[in-house]
Every structure is written in structure tokens, then in C-alpha cells.
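The structure appears right after this line, and notes come after that.
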Amino acid sequence: MAAARDLRATETAGDGGDDAIEMAKRHLIQPWPYAGSVGAEARALIGEGDGIYITDSTGKRLIDGPAGMWCVNIGHRREELAKVMYDQAMALSYNTPWYTMNAPSAELAMRIAGHAPGDLSHVFYTTGGSSAVETALRFMQFYNNVRGRPEKKLILSRGGAYHGSTYLSASLNGRPRDRDWMDGADDLVVKLSSPDPFRRPAGMNLAAFTDFLVDQFRDTVARIGADKIGAFVGEPVQASGGVVVPPDGYLKRIREICRENDILYVSDEVVTAFGRLGHVFASGDVFGIDPDMITFAKGVTSGYFPLGGVIISERLLEELRRSNHPDAMFGHGLTYTSHPVGCAVALRNLDILEESVLAHTREVAPYFQARLKTLEELPLVGEVRGMGLMGCVECVADRESNDPLQLDKDVGKRIDAHCHELGLLVRPLINMCVMSPPLIITREQIDDMVGILHEGISRTMDDLRKEGVWRG
């Protein structure tokens, strides 16, 4: 596949792209590289963005199906955000958070707290999603140390989960390929089953599957001991795991078990927050839960500036303030914590979301889901699932076994290559294609996107048949 990746990069190189591609191959290490091409790889070169579209170096305009990486929520080339960046940088480009502060960070914390469920009222800023999850876990450790419970540190996570790329946050990830060659803090993490209804045991209905997941969680707490478990971390919808939407009521029941056993519930909303499901936060407004902490990033600035954070329950902070260790220090912070430019951008981004984009998302989401669902007429497609403006097309070898392993493992990349030629960028995940377009997408643009995806999958089916890989 290394040759195919190099070919893809070459095909997207125009007059202005050749130099960039050569420089990348000589000097740039791409994220998530393979050993066989690390430090010698170039990827599809993107030159411009406008609204829901991006343009590659050949001038081809593409629908930005993944919205960057789940993040360009209000679309590309929003002049009002660019102006905010300029104005704030000209006023104050940076201040050290160790012993000073800036006004945008304080105002944004107040605005975010106003949207958060329950008593989540205080914000700690980070630089992105991985550092947000890392911060939540380090806060859990600090919290239990101060309360005299140094043994209460284990973390519950799930199969299919994705929580980041730092050492501790990556240790929570439940996708096998993420950990095949990477180390992790395995002594701190306990993995539970993915809440994926499509992969539930044969013959088990949804109610029974939900009971199985809840019973497994409760039994795990009983077996290990609640006095040893500090936190459960879960995405409301498992994003990079394939847009796994949990069964109804599952999250509420897990939340209750956490509350009963004094286990901190961390809702990882790095993807689902700031409009992806039609609300600023999905935990309360969509799923009816009030976590102890919520992590966020990506859509908080619509990808225009790196920013993330953790919203923390007032109850937890009050317990720390009442403790017998007032001098205990939460020894954690980042150089760019509370960055004034990032916080200023997030404030304007939140204005735009509140003014119209959240309502628009809720209005077009049912149409988006219905149109994607029509792809199930294609025999290569095992299931189309999603929520809000998140969707996944999962391809299978056959619908009796729902087995993806008999297919070429790069079927998602094959579909993406065809869609790229047709005018759509797709997020390929092995046998899956994930779609999470900018929230400003219209019904007509949804029709265009689904039409291209239909043709891309059809062409991939033809390829697989010709190669004898698939007989569907």
C-alpha cells in the first residue's frame, strides 16, 4: 500500500504542489505512519478551503466529508474567525498561565459552563483532545490522592474507544491496531466490551445486549473493587471506532453505577461537543447524563486554532477545598493553557453556533441520516449508522456473517480514492467510511455527498469482483 499512497500524493500534486510533496518526503513525519514509509511519505495535498469544500493542489474541489478531523464545524474560510485571530494577536498574542491570566479565557469558561449539564462549572484549558483526556485522568489521580485514597486509580474504558495519543490517554484506546506496536499503561486500564449493537452476539436483541453491557460493567466493579477504580471514560458516541451509537438507556445506567460506587464519570466529548449532535454538549441534552467531567476540543474553535479543555464538577472542587491538605498542588499545566487567541476564537465560534448553526444542524440531521441509510441497498454495505451529523458506512464480506475480515482490509481507502476522483473526501477506517461534514451543509449538498459515496462504493464493488476478492 506504500506505493499506492505515494501514487495518490503524486496525483494530487500540481504546479504548486511538487515542491511541498518533495519536502514532505524528505523532512516531514506524518501522523500514524507505517514503519515502511515513515519519514518518506507525502499525502494528498490540500491548498484551500471554502464552506464545506476543500481544493487539492490540482484544483479539484472536494466536499470535506470528515470536516477536517470532526472539527471544521462552521466551515472553512469564515472571515469573522480570521479577524478575531488577527485582532486578539494584535492586542495580546500570549500570556503565561502560571501567574497571569487573560480576559477571553475567563469569559469563555463562563460561557461553556452555562451550556454544561449538572454542576459542571469550571474549565481547565488544554491544547487539544488528547491533552484534555490526560488532564481529566491526572485530575482524578490528584483528587483521590488528596482524599487519602491513593489506591483508587484504575480506569475503565471500552473496546472500540479512541481517547487520544498521549501515553495515558492512548492507553484507553480500544482499537487493536492502535496498540499493536505501541506501549501503554496497561496496569492502570481495564477494558470492557464495545457498546456496538451491530457487533452484538447473534440472536441477542437490543434489550438483552444492553443488559449484558450493564451487567458486565457492574460485575467488573464488584470483581476489582470500587475502592480501586477511579474513573470511567467513555465517548457518548464512539467516533473513530466507527460512529458507534450506544443502545438507548445504556449511558444512564452506567452513570448510575459510577455514582453508586464513587467512580468519576468522564464523558469524552472531543467529537460530539460544539454542535456535532446539534447541541453544545451532548451528554445532558442528547443522552440525559450529568458526568463528573466532560472533555472537549476540535469543534470548540471549529479547527481554526488548537484548543481543548476539561469541565469539572463543582462538587469535586469543593471537596478539594474542604480537604485537610490545602497546600496540595495539582501539578499540571501546559505552556498554551488558556491561550488568549484560541479562547477569543472559541468565543466567536460559539456565537456563530448559538446564532444559527446548532438549530440548522438539528433541522438537517434527520435528512442526513435518512439519505446515508439509502446506501444499505448496496450489497457491500452491512450497516449505515449515525446520529446528528455523524455517520458511518460499514462494509462487510456478506450480510450473514457481517464479517469484514474476508474483505481487502483497505476497502475504506479504495472507496475514498474513488470518491476523491468524484469530488468527495472520505474518512476511511479499514472496512468503514466515516462522514462528519461541516455543520453548515445543506440538503442539496447532502444529496451530492451521498450520490458520490454511492458511486464510489459501486466502483469499489466492481474492483473487488474483478480481483476475485469479493463475489457479492
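What follows draws every value from the coordinates through simple rules; no lab data is involved. Since this is a predicted model, take the numbers as computed values, not measurements. Here the Cβ is made from the backbone with ideal geometry for all residues, glycine too, and neighbour counts use every protein chain on show.
Fully extending the segment from THR374 to MET204 would add 58.7 nm, taking 0.36 nm per residue of separation and subtracting the current Cα-Cα distance.
FRET efficiency for the pair ARG322 and ARG471, taken as 1/(1 + (r/R0)^6) with r the Cβ-Cβ distance and R0 = 60 Å, rounds to 0.35. The range 283-438: D in µm²/s via Stokes-Einstein (Kirkwood Rh, Cα pairs, 20 °C, 1.002 mPa s)? The diffusion coefficient I find is 110 µm²/s. For the range 300-367, the Cα-based Rg and Dmax, in that order, read 17.6, 55 Å. Beyond 13 Å, the tail of the calculated P(r) for the range 45-85 holds 52 percent of the Cα pairs. One Cα centroid belongs to the range 441-472, the other to the range 49-84; the line between them spans 23 Å. If you find the alpha carbon centre of the range 280-339 and of the range 87-143, how far apart are they in angstrom? Going from one Cα centre to the other spans 7 Å. Based on alpha carbons, the Rg and Dmax found for the chain are 22.4, 71 Å.
Using only alpha-carbon positions in the range 150-290, the gyration tensor eigenvalues give semi-axes of 21, 19, 17 Å once each is multiplied by 5 and square-rooted (largest first). Taking a straight line from the alpha carbon of LYS153, these lysines sit under 20 Å away, with near neighbours fewer than eight places off in the same chain left out: LYS191, LYS228. Dipole size of the chain about its Cα centre, with +1 on Lys/Arg Cβ and -1 on Asp/Glu Cβ: approximately 760 debye, rounded to the nearest 20. Taking every alpha-carbon pair within the range 74-167, the share separated by more than 16 Å comes to 74 percent. Neighbour counts of C-beta atoms inside 10 Å place SER105, SER302 in the sequence SER105, SER302, starting with the fewest. Any lysines with Cα under 17 Å of the LYS298 Cα? List them, leaving off those in the same chain fewer than 8 positions away. Partners found: none. Along the chain, counting only chymotrypsin sites (Phe, Trp or Tyr not before Pro) with a DSSP assignment other than H, G, I, E or B and at most 15 other Cβ atoms inside a 10 Å radius, the longest segment between sites is 182-329.
Sorting ARG158, ARG61 on the 10 Å Cβ count, fewest up front, what's the list? Mind dumping the intermediate values first?
Details: ARG158 28, ARG61 11.
Least crowded to most crowded, the residues run ARG61, ARG158.
Our estimate of slack between THR442 and ARG43, defined as 0.36 nm per intervening residue step minus the Cα-Cα distance, is 140.8 nm. Look at the dipole of the chain built from charges on Cβ: of HIS325, ASN173, MET23, the Cα furthest out on the positive end belongs to HIS325. How large is the translational diffusion coefficient of the range 79-352 in µm² per second when you combine the Kirkwood radius over alpha carbon pairs with Stokes-Einstein at 25 °C and 0.890 mPa s? In µm²/s, the coefficient is 128. Counting only lysines at least 8 places from LYS25 when in the same chain, those with an alpha carbon closer than 21 Å to its own are LYS413. Farthest towards the positive end of the charge dipole of the chain, among the residues HIS418, ALA116, ASN205, is the Cα of ASN205, using unit charges on the Cβ of Lys, Arg, Asp and Glu.
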